[in-house]
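One structure is given below, encoded as structure tokens.
Derivation of every value follows stated rules applied to the coordinates shown; laboratory data play no part. As the structure is a prediction and not an experimental result, all values here were calculated from the model. Here the Cβ positions follow ideal geometry from the backbone for every residue, glycine too, while neighbour counts run over all protein chains shown.
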Amino acid sequence: MGPNGIGEMNENGEIFADFCAVNSLVIGGTLFPHKNCHKVTWVSPNGVTENQIDHIAISQRWRSSLQDVRNKRGADIASDHHLIIAKIQLKLLSTKKAKSRRKKFNVDLFKDPKVVQDYHILLQNKFSVLENLHDEETSINTAWEMTRDSIVQACEETVGYLQQNRKQWMSENTWKIVNERRQVKEKVLTAITRQQKKKTDTRTV
């Protein structure tokens with residue numbers, strides 16, 4: 001609990017405080033100095049008893065991001081509990097755009113004379129079509145783009161692209177170990193559950 005909490009801690013409060021301590025959580029509503037009316041989270045039906053029994057907990061790693069915690073008494077929530085609000089400030093890291101890898105043609109196939117011949121024939125046919133499309137109004141940029149596209153298409157149709165074989169980020173052996181650990185964990189949890197059930201049955205008897 002922080003230095004600015006109000007009210008007396010009961011058994012439930014002690015359990016909650018212990019839970020936060022074990023899990024490295026900070027109880028936000030007890031950290032910031034406010035008037036008691038802004039700390040109270042529950043009011044009894046007769047309006048006499050007030051207490052701080054609702055909390056916002058945050059990981060200790062994010063403690064510096066928590067700017068303020070207080071109640072909002074004016075919120076219409078049809079409850080004897082007040083709404084609690086927290087102000088959090090986060091610093092976001094800029095993400096770098098992943099560079100797109102250029103595809104590479106499988107140029108080794110050009111070592112085959114038959115592939116070279118097919119490429120030349122295909123390219124000549126495409127250039128013949130371009131000659132019929134060109135006129136005086138065709139700009140230099142347009143002519144270049146059409147020529148470039150024809151060359152690229154001819155390469156795609158004759159040799160294609162190199163296949164990029166991506167390495168697995170985890171080996172088969174690693175996956176095997178992960179699965180074994182998962183199975184062991186499931187057995188342990190099952191054994192614990194059976195043990196707890198057995199104890200409960202014994203107490204009931």
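Just a few scattered comments:
- Computed magnitude of the charge dipole of the chain (debye, nearest 20; Cβ of K, R +1, Cβ of D, E -1): 1260
- Computed from the Cα positions only, the extents of the stretch 107-158 along the three principal axes stand at 40, 17, 12 Å, in decreasing order.
- Proxy reagent accessibility, fewest Cβ within 10 Å first, across Leu66, Leu92: Leu92, Leu66
- Degrees, to the nearest 10: 172-204 long Cα axis against longest axis of the chain: 20
- Gyration tensor (alpha-carbon) shape descriptor, the stretch 1-117, a/c threshold 1.5: prolate
- GNM remark for the chain: springs join alpha carbons under 10 Å apart, and the peak mean-square fluctuation among Thr138, Thr95, Thr174 falls on Thr174.
- Here the alpha carbons of the chain define both size measures, Rg and Dmax, at 35.4, 101 Å.
- In the chain, taking the dipole from charged Cβ atoms about the Cα centre, the farthest positive-side position among Asn4, Val43, Met146 is held by Asn4.
- Cut-off under 5 Å, modelled amide H: who pairs with Asn51 long-range: Thr41, Trp42
- Peptide packing for 48-57, 71-80, 145-154 was compared via the average number of neighbouring C-beta atoms within 10 Å per residue; ordered from the highest value, the list is 48-57, 145-154, 71-80.
- Dividing the mean sequence gap of close Cα pairs (under 8 Å, 6+ apart) by how many residues the stretch 1-113 holds gives a relative contact order of 22 percent.
- When the helices of the chain are scored as -39500 (n - 2.57) per DSSP H run of n ≥ 4 and the total is divided over every residue, the value at 222 nm lands at -14500 deg cm²/dmol.
- Cubic angstrom per residue, convex hull over Cα atoms of the stretch 1-64: 81
- Only Lys, Arg (+1) and Asp, Glu (-1) charged, at Cβ; the stretch 107-158 dipole about Cα centre in debye: 280
- With contacts taken as Cα pairs under 8 Å at a separation of at least 6 residues, the chain carries a relative contact order of 14 percent.
- Check: the stretch 11-88 dipole with +1 on Lys, Arg Cβ and -1 on Asp, Glu Cβ, in debye: 460
- With the charge dipole of the chain set up from +1 on Lys and Arg Cβ and -1 on Asp and Glu Cβ about the Cα centre, the Cα lying farthest toward the positive end among the listed residues His55, Gln163, Thr95 is that of His55.
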